[in-house]
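The values are calculated or read from the model by the stated rules, or taken from the named source; none is laboratory data. Predicted model, so just to flag it, every value in this text is computed and none were measured. Virtual Cβ from ideal backbone geometry, glycine too; neighbours counted across all protein chains shown. Note: areas computed on protein heavy atoms with side chains; ligands, DNA, RNA excluded. Shrake-Rupley method; radii C 1.70, N 1.55, O 1.52, S 1.80 Å.
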Amino acid sequence: MAVFAEIPEVGYEGLDSKNPFAFKHYNPDEMVGGKSMKDHLRFSMAFWHSMNNVMNDPFGVGTAQRPWDHLTDPMQIAEMKMRGLFELTTKLQIPFFCFHDRDIAPEGSTLRESNKNLDQIVDLAASLQAEHPTKLLWGTANLFTNPRFMFGAATSPNAEVFAYAAAQVKKAIEVTQKLGGENYVFWGGREGYETLLNTDMKREIDNLGRFMHMAVDYAKKIGFTGQFLFEPKPKEPTKHQYDFDAGTILGFLRGYDLIDHVKLNIETNHATLATHTMQHELHTARINGVLGSVDANQGDLLLGWDTDQFPTDLYETTLVMYEVLKNGGLHSGGLNFDAKPRRGSFTAADLAETHIIGMDAFAQGLKAAQKLIDDGEMEAIVNERYASWESGIGKSIEDGKESFESLEAYAIDKPEISNISGRQERLEAILNRAIFS
């Protein structure tokens, strides 16, 4: 029996269509830059927002209306949600899904009981995978909801919490492997501190490094070949997060000899909270060789919290896809809709439509980004701006042939130095043309 019977199968109908359950821009088999849209974009549905989010906020109860609202048994609800996810991803042509362990199965009174519940739902997911085209992009463990994690998990001051978190991640890696997950994500939701007055920061960060190495070692032991991903998240819920942004995590990975084992999963709304653009975070990861995957959403610049809105901003999706294309694609990663409808969009139909809108926005962004790359005008302006490093004194500096003394001799009698215009407004116009032409 269908869980979302009112949602039809969604296909591409083009720009002239006014059917809310049709793609206007996302044509899975359309070739862009020598590769199909579906291979470029690798969309994924987030279980926690799509199946679990009741659409409450700090000032009001949930408004979501879902097919399982009449049920009371937690395991029966979990099974219906899993069936609903596979049905919805198939109808929407979304090839992947993502989950936390506690999203898909209720937590028990002990870890043993929690693992039993998880195994039951994972077995169901495995059987549904055999019947549907949907695959697992990545799994992860929820190390932030239960009160035991109030002071963190891998960075907790309590060694017993560290041990529990390690056991929980061990199980989450195992079930991710069982379902053929292509990645495993570490999201340090509470890995940080509120005040240094009660915090041993060095011990906490050292323990985070130990935790990550244990995960790497265990993955090797069981033959899990998926990519490990670390997700930057600033400010929320902990005031000082150890995973603040891409640059912070890069320093951590290098400092603890993890750089060869872990890439980054970058989220748009987290970039906003870190006072960066999404392009900055993606670019930082890309030029350092650690861009692995993307949580595709957007925030509200007028609100100082994680609103997790569906992506509709074409400038944002274009610049995301520009960085992804320059990265040679997302490889085993994808575009995971870590996003939820607004509280007033409470029906199951709204849930489906928001995914369609997000997929269309990224299809437009992909085509615009490919235009920018094919045209080459933007890159030519950047190359011209840095031309002085390609020959003469610039090349000599980058080749390591100069010193302070030699550069003083070079500069001492130089007349006024002239710069090349940054042409920011022209570049913005080129971006506009790519999006709207």
ask   = Between the stretch 322-357 and the stretch 174-191, how many Å separate their Cα centres?
value = 19
ask   = Residues with amide H under 5 Å of residue 192's amide H, sequence separation 5 or more or different chain, H placed in the peptide plane at 1.01 Å from N; which?
value = 242
query = Who wins for biggest fluctuation among 332, 293, 421 in a Gaussian network model of the chain, springs between alpha carbons below 10 Å?
reply = 421
remark   = Classified through the alpha carbon gyration tensor (a ≥ b ≥ c as square roots of its eigenvalues; rounded if a/c is under 1.5, else prolate when a/b is larger than b/c, else oblate), the stretch 1-50 comes out oblate
query = Which residues in the stretch 82-106 have a backbone N closer than 12 Å to a point placed 7 Å from the Cα of residue 75 along the Cα-to-Cβ line?
reply = 106
note = Everything considered on the Cα gyration tensor (a ≥ b ≥ c; rounded for a/c under 1.5, else prolate if a/b is larger than b/c, else oblate), the stretch 333-437 must be described as prolate
remark   = For 361-374, 151-164, 390-403, 278-291, ranked highest to lowest by mean beta-carbon neighbours within 10 Å, the order is 361-374, 278-291, 151-164, 390-403
inquiry  = Given a 10 angstrom Cα cut-off, can you work out which residue in 198, 183, 52 is the most mobile in a GNM of the chain?
reply    = 198
inquiry  = How charged is the neighbourhood of residue 262? Take every other residue with its Cβ under 12 Å from the Cβ of residue 262, and add Lys/Arg as +1 and Asp/Glu as -1.
reply    = -2
note = In degrees, nearest 10, the alpha-carbon axis of helix 314-326 is tilted away from the dominant principal axis of the alpha carbons of the chain by 70
key: About the Cα centre, charge dipole magnitude for the stretch 1-114 (Lys/Arg +1, Asp/Glu -1 at Cβ), debye   = 200
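Can you compute the helix-only [θ] at 222 nm over the chain? Use -39500 (n - 2.57) per DSSP H run of at least 4 residues, normalise by all residues, nearest 500 deg cm²/dmol.
On the way: 15 runs with 194 residues, N = 437.
After summing the helix terms and dividing by the residues of the chain, the value is -14000 deg cm²/dmol.
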ask   = Stretch residue 119-residue 315 to full length: gain in nm at 0.36 nm per residue minus the Cα-Cα span?
value = 66.4 nm
DSSP beta bridge pairing in the chain, given as percent antiparallel to the nearest 5 = 20
ask   = How do 315, 386 stack up against each other in accessible area, from largest to smallest, with a 1.4 angstrom probe?
value = 386, 315
ask   = Normalised by the residues of the chain, what does the relative contact order come to in percent, with Cα pairs under 8 Å and at least six apart?
value = 16
request  = May I ask you to derive the FRET efficiency for residue 391 and residue 201 from their Cβ-Cβ distance with R0 = 60 Å, giving the value to the nearest 0.05?
outcome  = 0.80
task = Let me have the relative contact order for the stretch 72-178, percent, based on Cα pairs under 8 Å that are six or more residues apart.
result = 27
message = Give me the extension gain from residue 345 to residue 382: residue separation times 0.36 nm, minus the current Cα-Cα distance, reported in nm with one decimal.
response = 9.0 nm
In sequence order, calculated HN-Hα J values of the stretch 370-377 (Karplus, 6.51, -1.76, 1.60; Hz; x Gly/Pro) = 5, 4, 4, 6, 5, 5, x, 5
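Might you report the magnitude of the Cβ-based charge dipole of the stretch 286-343 about its Cα centre, with Lys and Arg at +1 and Asp and Glu at -1, to the nearest 20 debye?
100
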ask   = Can you run phi through the Karplus equation (6.51, -1.76, 1.60; θ = phi - 60°) for the stretch 222-238 and list ³J(HN,Hα) in whole Hz, with x for Gly and Pro?
value = 9, x, 6, 9, x, 7, 7, 10, 10, 10, x, 8, x, 6, 10, x, 8
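Can you classify the chain as rounded, prolate or oblate using the Cα gyration tensor, where a ≥ b ≥ c are the square roots of its eigenvalues, rounded means a/c under 1.5, and otherwise it's prolate if a/b beats b/c and oblate if not? Write down the numbers at each step before the final one.
Details: a/c = 2.05, a/b = 1.30, b/c = 1.57.
Oblate.
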